Structure formats: C-alpha cells, structure tokens
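To start, the structure under review is shown below, and the notes come after it.
Each value in this text was obtained by applying a stated rule to the coordinates, not by laboratory testing. Keep in mind that what you see is a predicted model, and the values were worked out from it rather than measured. Using ideal geometry, Cβ is built from the backbone for each residue, glycine included, and neighbour counts are taken over all protein chains shown.
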C-alpha cells in the first residue's frame, strides 16, 4: 500500500528559491527509506517539506491519499513524526517529562511508556536532566520520543551522525526493530553510506536538489553514480555478512595510474 | 527536600506578610469592635479602602510581572527576558507621560496600553522595513528600546511643566501609593483572568521551547500560541505599569530562582512563580513603606537592591541554571 506519494515537488526555504526540483517518489507502508547525498543536496529540505515545515512551491505530497496541506495540526502529528535536535534552552527538562510530551497530539491518552523505557534502555536516565546526558544518550531519548508519538511515518534527519559505531548500531537496530515488528514506515537521511545500505530497503540519492537514483542499495550504490555525485573515487565491494554493497573511499594519493 | 523547605518558608512569609500589609499600625481591637458593631471607624475605613486594595494590587502585580517574565523567557528562549528588559514597561510609561502632558482624557491603563501598542506596532513595521525577524537580536533591541523610551520620558518631563510631570516621574519609579480603588479592582480582575489564560497554555509552552520544528511536528500551532501569549503579556505589563509604575528585575529573578526548584515544567513553574512574585513585591512594598517611615521609598529601588543581592548569592551557590550551554 502506498503511504506517501510525492509528485513533481518543488520546494525550498523561500517561496522564490526552489532547493528541491522535480522530486517524485512513492513510499510503501513499513518501508525503511534512506536519503543519501552530498552536503547541501537537499536531504533535510526534503524531510522538512514532508513534515510541513517548509512551503510547497509546486507539485504536491499525498499522505494516505490526502494532500498534506489539508491535514489539521494535531491530526498530522498523529500520522507523521519528525525527529530533530532540541534548543539548548529546553535541555533543562527532565527526560521523563520530555518523553511524556510525545503524547500531546493524542491528548495524553494512556501509552505504555514502560515498554518504551525497556526497548531503549532508558530506565537509568529517566530522572536526569536532558543536559546531563551524553550525546549518545540524548540522541536515544530524542528518537524514543519520536517513537512514543506512535506515528505511521517517522522522519529522521541524520539520526546517527557524530555518534560512535556502538551507538550508531544500537540506535539503528532499534529503529529497524520498530520498522519490522510494528510496521513503522521510516524515512531517514544518512551521511554514512554503508550504514544506509545495511539498514534501508531502498535508497534515494539526491544531488543538487534533484533525484539522481532511487532503488535498492545494490542499484543505487554503483561506483559510477557515487563517484559522479560525490566527486571522489570509490571502490564498491560486497559485505560478506549481509551481501549488501560496501563502499570504500579512495584517497587521492593512491590514484597513481 | 529543597521543594519542601522552599514551600514552608514561602508560606510562612506569605502569611506574615499578608497580616502585616493589612494590619500594619492599625489597632486590631478597634477594627473588630467596628466590625461587630457595624460602625465605620477610621481604622475600618483604612482597612477596607486602602489596605485591602493595595494588598490585592501588590500581590497581583507581583504575580503578573513574574509570570510575564516566565512566558517571555520561554518564548524567546532567553533567561534574561522580561517586560522591562524588552522595553515593554518603558513604552507603557512613555504612554502615560505623553497622555499626561497632552492632557488626554484617558485613564492610566489605556494610556499605558496605547503606549505599548504604538511602540509594538512601530517596531513591527521597522523590522518589516529592514526585513529582519524578531529572534536572536530581540533582547538586545529590547535593551536599546528601554534606554530610548526612558530617555524620551526624561526629555519630555524636562521640557514640560515640572509640576504636572513630577508625580508621574515618582510613580514611574514604582509606587503603590497612588491608588484609586475601583480602577485597581478592575485592573486586578483583568490581570487575574489573563493569568488563568496563561496557565492554560502551559502544556503548549512545554512543547514550544523544544524548538519551532519540534513544536509544529507535535501538532502545536506555534506561531498562533506565541502571538496570543505575547499579546497577553503586553496587556499584563501595561496593567502592572498603570497600577504601580515600572518595576524592574522581578521578571528575571523570580522565574529563574523558581525554575531551579521546579524545573522546566511550565504549569508548576508558572504557578510557583506567580506565588513567589506576589510575595516578593508585597514584601518590597511593605519595606518601602516602613524603612523610612513616614516617607515611602520607590519600590524599584528595593526590588533592585534585594533582588541583586539574592540573585548574586544564588549564582555563586551554583543553583542557577538559567543560562545553559549544552
């Protein structure tokens, strides 16, 4: 079933300047989609446009067959959640209070928070302030809040950048679990191509505001496309464990021939 | 533990202070007798027509100023915001001074309200003109505005009849003495209603401080809530100025001290700040009346001195976490 349908989308931070041009794709229920692309390609812009944070200049986005501009605020928040960084002012909040706010769109109807605490191993940090957490813990809390919002579609903007590999894997494992068992549809942007290919069902490669390629990791991570978009030399191998493509960047000093 | 101590101490101060501000230098026996005999003695009149309105006014102005501080701090995400530092109070003061000089047939509330309104609208259009939004530089521009309006007030009072403007100047320094019972009661009812309105937005404020993006994607109409709350804050500020002149600093001290006890849960924070602010202002008013009796010290002086000492102790103790760097 098609959950999200983006058709001929033009959008940007301003009504006059289009950062995204001619974007069209579809997302099925329970898919894990990765958005990859170089810096300033429009990854965040795409996520924010889907989250209704930026104006749509042309084209439209349909969620569940209905134009996203026609949803009411709370109704939209019940369907789509967006995970971002917090203001430093709000870091004086307790973890528990912060997580509780996820139920605002549902008018604070009961929710099984204990299960959430268990899944994300939050028991020990519940009564801490957000500012007392390490960046790995903070990221875990922010992501678990997005899950507690119980949306149909969750958007993540580089959820694991600037974390160590242990935290990266544990957070993405959790997301994958929710994706597989609870049929949560996820769209997430990535800097780390190898992680994106391990976890995502399909990848969208964006370059200069336009879609370069959509498809399974095997289709998208072709060395010709990657070299062209990222303007660097790479070698693509296969990960022996998952059989997914694995990218090794090649420093210029090795390019002899 | 700190919560318990804090609550007990504030309650004790609240009761003592309340009794003091109502019954100070009055003979309790005479009042009781006059209540029982239904006679209108001088003491009885003082109690009902001066003391009670003044006590209500001090408490509500304190509550209003403190909670306006809380709201503005959370909206602009800056622990130094309040009605005074953002220039709202001085704009209201300017409104009153102008209407006094021009002898406009407006009472104090409307003139202060128009002062603020004119100031806000002109700032809004100036920002539009220069294509700037009110965000980062807001506190700085507020400080500038504050100086600007205060200077204009002083220029105006220098150029016009000093007899006419003298009492306005004294009142601007903060004083509850020039009180007219009916208008006070009306203003106080309005403040009370607006305070209730602010508390009803507490949950939305919890979400709004997370940032614009998070607020919208959690289903809060962020812009609308912010504008409504700013409007309410401006009205409360204008009312407070019209009752007691510009009282500075309360809106910074009280919210920050209270925040270190309640944490950033807005409902608790708002309510506790209101309570603490009302006690603080009432206490300052009592001191202002008694320290140099029978002369009254401008209340602004007292809040300044008491507040800064208290605040510095607080910062040094390390309980202060208003200014955060993550």
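Show me, bin by bin at 10 Å from 0, the whole-percent P(r) of segment A:2-222 based on Cα pairs.
With 10 Å bins starting at 0, P(r) equals 8, 33, 37, 19, 3.
Going by C-beta contacts inside 10 Å, put B:246, B:8 in order with the fewest on the left.
Working: B:246 27, B:8 10.
By the 10 Å Cβ count, ascending, the order reads B:8, B:246.
Percent of alpha carbon pairs in the protein assembly as shown separated by more than 40 Å?
Values: 68624 of 169653 pairs.
Within the protein assembly as shown, distances greater than 40 Å cover 40 percent of Cα pairs.
Could the peptides A:88-101, B:51-64, A:127-140 be put in order, highest first, of the mean number of other beta-carbon atoms found within 10 Å of their residues?
Numbers: A:88-101: 19.9, B:51-64: 24.2, A:127-140: 16.9.
The most tightly packed comes first, giving B:51-64, A:88-101, A:127-140.
Once both labels are modelled 7 Å past Cα along the beta-carbon direction, what's the residue B:190-residue A:191 spacing in nm?
A separation of 5.3 nm, rounded to one decimal place.
Could you work out, residue by residue across A:90-98, how many beta carbons of other chains sit within 10 Å of that residue's beta carbon, and then give the average as an integer?
Numbers: counts 12, 7, 9, 6, 3, 0, 0, 4, 3.
Partner-chain Cβ atoms within 10 Å, mean over residues of A:90-98: 5.
Averaged over its residues, how many other protein chain Cβ atoms are within 10 Å of peptide A:139-146's Cβ atoms?
Numbers: counts 0, 0, 0, 2, 0, 0, 3, 3.
Rounded to a whole number, the mean comes out at 1.
Counting other C-beta atoms within 10 Å, which of A:199, B:167, A:181, A:230 has the fewest, and how do the rest follow?
By the 10 Å Cβ count, ascending, the order reads A:181, B:167, A:230, A:199.
Restricting things to Cα coordinates, could you compute the convex hull volume per residue of chain B in Å³? It would help to have the intermediate numbers written out before the result.
Numbers: hull volume 51.4 nm³, N = 326.
In chain B, the Cα convex hull volume per residue is 158 Å³.
Using 19 Å as the cut-off for backbone N distance, which residues of segment A:1-41 belong to the label zone defined by a point 7 Å from the Cα of residue A:208 along Cα→Cβ?
Residues A:9-13, A:17-24, A:36-41 fall inside that zone.
Please work out how much length the chain gains when fully extended from residue B:170 to residue B:50, using 0.36 nm per residue of separation minus the C-alpha to C-alpha distance, in nm with one decimal.
Working: separation 120, 0.36 × 120 = 43.20 nm, distance 1.95 nm.
Between residue B:170 and residue B:50, full extension yields an extra 41.2 nm.
How many percent of DSSP beta bridges within chain A run antiparallel, rounded to 5?
Working: 25 of 42 bridges.
Close to 60 percent.
If N is the number of residues in segment A:90-138, what value comes out of its Cα radius of gyration divided by 2.2 N^0.38 Å? Display every interim value, and only then the final one.
Working: Rg = 11.1 Å, N = 49, 2.2 N^0.38 = 9.7 Å.
Normalised by 2.2 N^0.38 Å, the Cα Rg of segment A:90-138 equals 1.15.
With a Förster radius of 56 Å, plug the Cβ-Cβ distance of residue A:58 and residue B:104 into 1/(1 + (r/R0)^6) and report the FRET value to the nearest 0.05. Working shown, then result.
On the way: r = 53 Å, r/R0 = 0.94.
So, using R0 = 56 Å, E works out to roughly 0.60.
Please give the FRET efficiency for residue A:250 paired with residue B:231, using the beta carbon to beta carbon distance and R0 = 60 Å, rounded to the nearest 0.05.
Details: r = 60 Å, r/R0 = 1.00.
Step by step, r from the Cβ atoms, then E = 0.50.
Sort B:292-300, A:40-48, B:191-199 by the packing proxy (mean of other Cβ within 10 Å over each peptide's residues), most packed first.
Numbers: B:292-300: 14.9, A:40-48: 21.3, B:191-199: 16.4.
Peptide ranking by packing, descending: A:40-48, B:191-199, B:292-300.
Expressed as a rounded percentage, what relative contact order does segment B:171-312 have, with Cα pairs under 8 Å and six or more residues apart? Mind dumping the intermediate values first?
Details: 116 pairs, mean separation 47.1, N = 142.
Averaging sequence separation for qualifying contacts and normalising by length gives 33 percent for segment B:171-312.
Over chain B, what is the relative contact order in whole percent, taking alpha-carbon pairs under 8 Å and six or more residues apart? The partial results should precede the final answer.
Values: 413 pairs, mean separation 96.5, N = 326.
About 30 percent, as a whole number.
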